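Notes follow the structure.
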Amino acid sequence: MFRVAFPKTIPILFGYLFLGCGFGVLLAKSGYHFLWTTFTASTVYSGSMQYVAVDLLNKPFNIFNAIIMTLAVNIRHVFYGLSLIEKYKGIGIKKIYCMFGLTDETYSLVCSQYVPDYIDKGRYYFVTTVLNHCYWITGCTVGGIIGQFVEFNAKGIDFVMTALFVVIFLEQWESTKEHSPALIGVGCTALCLVVFKSFLPMLATYFLIPAMICIFTALTVFKAPLERRLSK
Amino acid sequence: MTQTWVQSVITLLVIAAVTFVLRALPFMLFRGNKSVPPFISYLGKVLPFAVIGMLVVYCLKDVSFISGTYGIPELISILVIVGLHKWKHNLLLSVGGGTILYMLLVQFVFI
């Protein structure tokens, strides 16, 4: 099973070591012991959210804000699950772990890879998820160790989060001809940010809440024309 | 560290719990042969694009375009990331190159 699953996860191996490392350095440079990176990678196991988590940890304790941010960043995972209901059916207790480990990268592997018939699918998905999780924990921990023990000026390293989302945005942009959903996302959020910063600076921390409502409303209002254009 | 270690653990566990619930939710809601409502599957097609757009703006929330460095280092770095990515389509190169460039810019050029 390992020999079937491992080769397909190699691109993820490199990606996770690198992105995990970035997160580890970021968290360690915020003053956390490197074991925190191992802990975060094991429990949260969500690349983009962990970067946002560093941002949250550097602000005063606020559970409400943590919940809102996690919802905002990870709501997309609901839709990953939707397309895997059939695939993950009947794989037993392993399913709980497979759901836990359903990151963007694992999702893309499980979705795209053809699994030969003689392979136990449940075990294949499980092994893939375990391997990716291991790469991620390793990457984060290595980054944490570097961040803790190597002296360097880390100013600006938090830009790694921006860089990551810009690249994902670009890849999504190139994957489709219909750009209005992406533009709705950028437009609504930018609008809410500017309005809140100018008129309600006290509530600026929460600008993502109105942004999400705005995006949801726009997508609902333009459902008919958008669906027509998507099906072209 | 801004938060105490107990606060940090709580923050991280809350994030982990919400993430798990989001990932598990569709499997819980649409168990058996219940089919997915058309509106939900429509959202599944468009929302991921909108959410990433939202997150790009979120990342730039603290950049001021009317004072300080006027967002110039961010703008330069993003343009380079786009260029690198169009050229090589390599996640590591684009993210790594863009971040290092930004760090150099804010540490040595736009101080």
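The values are calculated or read from the model by the stated rules, or taken from the named source; none is laboratory data. Fair warning: this is a prediction, and the values are worked out from it, not measured in the lab. Ideal geometry is used to build each Cβ from the backbone, glycine not excepted, and the neighbour counts take in all protein chains shown. Ligands, DNA and RNA are stripped out before the accessible areas are found, and what is left, the full protein with its side chains, is counted by its heavy atoms. Shrake-Rupley method; radii C 1.70, N 1.55, O 1.52, S 1.80 Å.
Here A:Gly156 passes the criteria (1) of a type outside the set (A, V, I, L, M); (2) at positive phi; (3) in a helix (DSSP H, G or I) except the one numbered (3). For segment A:150-182, the set of residues classified as small (Gly, Ala, Ser) and buried (at least 21 other Cβ atoms within 10 Å of the Cβ) consists of A:Ala163, A:Ala182, listed by residue number. Of the candidates A:Pro7, A:Pro60, the single residue that is more than 11 Å from chain B (Cβ to nearest Cβ) and open to solvent by 40 Å² or more (accessible area, probe 1.4 Å) is A:Pro7.
On inspection, A:Ser83 passes the criterion of being more than 26 Å from A:Thr141 (Cα to Cα) and polar (S, T, N, Q). Out of all the residues in segment A:11-45, which are of a type in the set (Ser, Thr, Tyr), over 13 Å from A:Leu57 (Cα atoms), within 10 Å of chain B (Cβ to nearest Cβ) and open to solvent by less than 20 Å² (accessible area, probe 1.4 Å)? Answer for segment A:11-45, where residues must be of a type in the set (Ser, Thr, Tyr), over 13 Å from A:Leu57 (Cα atoms), within 10 Å of chain B (Cβ to nearest Cβ) and open to solvent by less than 20 Å² (accessible area, probe 1.4 Å): just A:Tyr45. Residues that are surrounded by fewer than 19 Cβ atoms within 10 Å (Cβ to Cβ) and over 15 Å from A:Ala154 (Cα atoms) were ranked within segment B:88-108; the one that is nearest to the other protein chains (Cβ to nearest Cβ) is B:Leu92.
So that you can scan it fast, the table gives a plain yes or no per residue for (1) loosely packed, with under 14 Cβ neighbours inside 10 Å; (2) under 23 Å from A:Met69 (Cα atoms):
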{"position": "B:Thr2", "(1), (2)": "yes, yes"}
{"position": "B:Gln7", "(1), (2)": "no, yes"}
{"position": "B:Thr11", "(1), (2)": "no, yes"}
{"position": "B:Ile15", "(1), (2)": "no, yes"}
{"position": "B:Ala24", "(1), (2)": "no, yes"}
{"position": "B:Met28", "(1), (2)": "yes, yes"}
{"position": "B:Arg31", "(1), (2)": "yes, no"}
{"position": "B:Ser35", "(1), (2)": "yes, no"}
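Looking only at segment A:199-223, residues that are open to solvent by 60 Å² or more (accessible area, probe 1.4 Å) and within 11 Å of chain B (Cβ to nearest Cβ) come to 3 in all. Residues in segment B:49-65 that are of a type outside the set (A, V, I, L, M) and open to solvent by 20 Å² or more (accessible area, probe 1.4 Å): B:Phe49, B:Cys59, B:Lys61, B:Asp62, B:Ser64, B:Phe65.
Restricting the search to helices (runs of 4 or more DSSP H) fully inside segment A:36-87 and requiring at least 2 residues that are without any contact (Cβ under 8 Å) to a residue 12 or more places away in the chain gives A:63-74, A:76-82.
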